[in-house]
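Asks: Attaching a single structure in structure tokens format; questions to follow.
Each value in this text was obtained by applying a stated rule to the coordinates, not by laboratory testing. Since we're looking at a predicted model, the values are computed, not measured. Cβ atoms come from the backbone with ideal geometry, glycine included; neighbour counts cover every protein chain shown.
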Amino acid sequence: MAETKQEERKAAKLAKEIQAFSKEHGGSEGHLAHIGQAGTRIVLVGTDGGWGDLVAPTHAIARQAAEKAGLTLHEEFDGEFAAKVETGPYEWTRMAGIQIGGPSNR
């Protein structure tokens with residue numbers, strides 16, 4: 001758990017953002033992914049298929065934020081959970097643009 005007042009404030013701010021996402025998307029579930037020195041990514045998937053993410057400076061802060069927000073966490077971003085994500089033309093174009101020979105997205 002977050003121990004300092006600054007960490008508690010950061011967790012509370014992230015929890016509010018998680019709750020706002022959840023409200024906008026009819027509920028949500030999540031997954032915590034370690035991203036190295038940058039911290040922990042909180043991946044959010046809405047009931048409506050919408051998705052987004054937030055970054056917490058530490059895993060402890062990410063977990064505390066998820067708990068404060070009442071977010072159901074998945075241990076893995078497996079096929080069943082990933083299948084809830086709806087992607088549209090923008091995402092497919094972005095992903096293709098990363099590949100050699102794909103659209104440049106510019």
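Asks: Among the residues of the stretch 24-71, which ones are β-branched (V, I, T) and in a helix (DSSP H, G or I)?
Replies: Passing the criteria: only I61.
Asks: On to the next question. Would you mind stating whether T40 is within 20 Å of E75 (Cβ to Cβ), in contact (Cβ under 8 Å) with a residue 12 or more places away in the chain, polar (S, T, N, Q) and crowded, with 20+ Cβ neighbours inside 10 Å?
Replies: yes
Asks: If you check every pair at least six apart or on different chains, which have Cβ atoms under 8 Å apart with a residue in the stretch 43-62 that is touching a residue at least 60 places away in the same chain (Cβ under 8 Å) and closer than 15 Å to A15 by Cβ first and a residue that is in a helix (DSSP H, G or I) and among the hydroxyl-bearing types (S, T, Y) second?
Replies: Partner pairs satisfying both residue conditions: none exist.
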